[in-house]
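These notes are about the structure you will find just below.
Every read-out reported here was derived from the displayed coordinates using simple, explicitly stated rules and does not represent laboratory data. Predicted model only: the values in this text are computed from it and were never measured. Note: ideal-geometry Cβ built from the backbone for every residue, glycine included; neighbour counts use all protein chains shown.
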Amino acid sequence: MTFPQNFSLDAIGVVHSPFKEKFGIPRQPGLAQTPAVIELLPPYAVADAVKGLDTFSHIWITFIFHGISTQEWKPLVRPPRLGGNEKIGVFATRSTHRPNPIGLSVVRLEKIEIAQGVKLYIRGADLLDGTPVLDIKPYLPYADVIADARAGFAQKLPERLRVRWHSSARDVAQDISTDSCAMIEDVLAFDPRPAYQDEPLRIYGMHIDKYNVRFRIDEHGVEIVGIEAVISEIR
Ligand code: SAH
């Protein structure tokens with residue numbers, strides 16, 4: 001048999017997530033407890049395909065980094081955790097620019113809804129809205145938890161920054177659900193700025209869920225300086 005070197009894969013589902021753009025998405029799953037939904041696509045959207053999955057609390061998702069700007073990859077990359085100036089091998093990182101743009105995330109499975117299709121309600125995803133899902137597998141603690149694993153440059157959870165609201169943003173936030181506010185705070189606490197940027201006066205904008213959030217980051221942490229509802233786009 002010849003060695004099979006090219007494959008064609010089908011998306012079995014699509015992700016609906018509050019992250020409408022790459023900027024601001026947590027760098028790994030589980031950092032922010034954001035809710036998202038995986039909708040299975042035909043012909044995979046059948047109840048039988050997820051029978052028994054609801055007895056698992058977590059799932060692995062493999063997916064395509066469909067939102068990357070170029071398919072180009074380089075053997076050496078600069079992971080943000082190394083401050084953005086040290087290069088290491090692409091296979092020693094979780095970079096989105098790799099020979100095959102395939103991502104791997106573990107997320108909490110909260111509920112499976114079977115009604116006009118199959119929807120998996122998940123929490124903690126680091127996934128862009130519209131991400132094509134290649135596969136879903138149950139998380140198996142006996143095999144997947146490795147208590148003494150070494151993790152090179154990324155051994156520890158990144159440090160959380162303190163998040164505060166400017167009074168004008170706080171006023172607007174009165175009308176926003178506590179869940180959404182907590183989600184925004186969680187996302188900002190892990191510092192979405194590119195690693196090499198440290199400009200305390202610079203105001204960044206992020207589109208998350210239904211909101212445009214403006215913030216800046218200095219030595220005291222994150223300050224949310226503005227938040228407004230985005231006029232909803234027709235999709
Ligand atoms: N947990 C995954 C992803 C790590 S990289 C893995 O280890 O393979 C995480 C980054 O991927 C996020 O910060 C986000 O910017 C980016 N991302 C998420 N979904 C994406 C998509 N569909 N296309 C391009 N980039 C995506």
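Working note: Cα atoms of segment 34-168, range along each principal axis, descending, whole Å: 49, 45, 38. With kT/(6 pi eta Rh) evaluated at 20 °C and eta = 1.002 mPa s, and Rh the Kirkwood radius from Cα pairs, the chain diffuses with a coefficient of 110 µm²/s according to Stokes-Einstein. In whole Å, what is the distance between the alpha-carbon centres of segment 174-235 and segment 147-168? A separation of 17 Å, based on Cα centres. What does DSSP give for the chain in terms of the percent of beta bridges that are antiparallel, rounded to the nearest 5? Within the chain, antiparallel bridges account for around 95 percent of the total. Among HIS58, ALA92, TYR196, whose Cα sits farthest toward the positive end of the charge dipole of the chain (+1 at Cβ of Lys/Arg, -1 at Cβ of Asp/Glu, about the Cα centre)? Checked the options; the winner is ALA92. The distance linking segment 103-144 with segment 62-97 is 23 Å (Cα centroid to Cα centroid, whole angstrom).
Label positions at PHE7 and ILE114, each projected 7 Å from the Cα along the C-beta direction, are separated by 2.7 nm. Remark on ILE208: its backbone amide H falls under 5 Å from those of VAL213, a criterion applied only to residues 5 or more positions apart or on other chains, H modelled at 1.01 Å from N. Of the residues SER167, SER57, SER105, which exhibits the maximal mean-square fluctuation in a Gaussian network model of the chain defined by a 10 Å Cα contact cut-off? Among SER167, SER57, SER105, the largest mean-square fluctuation in the Gaussian network model of the chain belongs to SER167. Would you please give the FRET efficiency between ASP144 and ARG170, computed as 1/(1 + (r/R0)^6) with r the Cβ-Cβ distance and R0 = 41 Å, to the nearest 0.05? So the FRET efficiency works out to roughly 0.50. Compared with the dominant principal axis of the Cα atoms in the chain, helix 178-189 is inclined by about 90°. Judged by the ratio a/c of the largest to the smallest principal axis of the C-alpha gyration tensor, segment 176-222 counts as prolate, that ratio being 1.5 or greater while a/b is larger than b/c.
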